[in-house]
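The values are calculated or read from the model by the stated rules, or taken from the named source; none is laboratory data. Only a predicted model underlies this, so the values are computations on that prediction, with no experimental measurement involved. Here the Cβ positions follow ideal geometry from the backbone for every residue, glycine too, while neighbour counts run over all protein chains shown.
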């Protein structure tokens, strides 16, 4: 008896299917018409480690929501926090400031010494 290859149908489909449109639009953000509430929505593919997605699925299940809904909530919440915070200087800016600090301290000390002698 000949065993059926469970992946044969899948392999046949990929070998014969026209995927040119999907390939041409790969990497672009796909825009859907509207979400259920009427808000315009987009789709963005993101690779995540399996362990992270498993953890998200666990938390989502505990909260009684879909994983995608939870991820969307977290992103929206984090964006709200980022908008409330003052901008943070880059590492290069901090490095330049730390490098200039001793020279600035010397200048201030010299000015203060000049005021005392006057």
- Having 2 or more residues that are at pLDDT 85 or above and touching a strand residue (DSSP E or B) at 6+ places or on another chain (Cβ under 9 Å) is the bar; report the helices (runs of 4 or more DSSP H) wholly within the stretch 16-118 that clear it. none
- Of all residues in the stretch 35-67, count the ones that are within 14 Å of the chain's Cα centre (by Cα) and without any contact (Cβ under 8 Å) to a residue 12 or more places away in the chain. 6
- Item | Number of the condition not met by residue 95 [criteria: (1) over 23 Å from residue 41 (Cβ atoms); (2) loosely packed, with under 10 Cβ neighbours inside 10 Å] | (2)
